[in-house]
Amino acid sequence: MGALAQLAAEYETIAQEAQQDRWVTLLERGGLTAVQTDELVTTDAFGILTTELRRLKAAGHHIDDLLPRIIRAGDLASIDDLGSLLRYQVQKITTIYPPSPRRATGTRGR
């Protein structure tokens, strides 16, 4: 089971690195400054945030619209742990507004 756990951890690392540019673009589109984004990317919270974003996207949430809206909704200039706050806000919103069953299953209407 140790090899499987290591493989899963390696996959997670590869997935985070492969999508980093995408998440950075969404963060900046939402209104984070380049400095805020650069600082966030260097924290452990960024990896946790991006893992959550990928999980929610797989569940059917439209993260490309959701994340920028969450960023624009709050004054984030003085936040110490931006990654944790964003993750909390994303989780909170996605709990209140679950994806439609059609989007969650990946099927399309006719």
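Only the coordinates and a few stated rules stand behind these numbers; no lab work does. Since this is a predicted model, take the numbers as computed values, not measurements. As a convention, Cβ positions derive from the backbone with ideal geometry for all residues, glycine included, and neighbour counts pool all protein chains shown.
Between rounded, prolate and oblate, where does the chain land on the alpha carbon gyration tensor, with a ≥ b ≥ c its root eigenvalues, rounded for a/c under 1.5, else prolate if a/b exceeds b/c?
Oblate, since a/c reaches 1.5 and b/c is not below a/b.
With a 10 Å Cβ neighbour count serving as the proxy for reagent exposure, in which order, fewest first, do Leu32, Leu7 appear?
Leu7, Leu32
Can you give the FRET efficiency for Ala3 and Ala73, using 1/(1 + (r/R0)^6), R0 = 41 Å, r = Cβ-Cβ distance, to the nearest 0.05?
For R0 = 41 Å, the calculated efficiency reads 0.40.
Fewest to most neighbouring Cβ within 10 Å: what's the order for Thr50, Thr95?
Thr95, Thr50
Taking only DSSP H segments of four or more residues, each worth -39500 (n - 2.57), what value at 222 nm results for the chain once the sum is divided by all its residues, to the nearest 500 deg cm²/dmol?
Only helices count here, giving -24500 deg cm²/dmol.
Once you place label points 7 Å from the Cα toward the Cβ at Asp65 and Lys92, how far apart are they in nm?
Taking the simple label geometry, Asp65 and Lys92 are separated by 2.1 nm.
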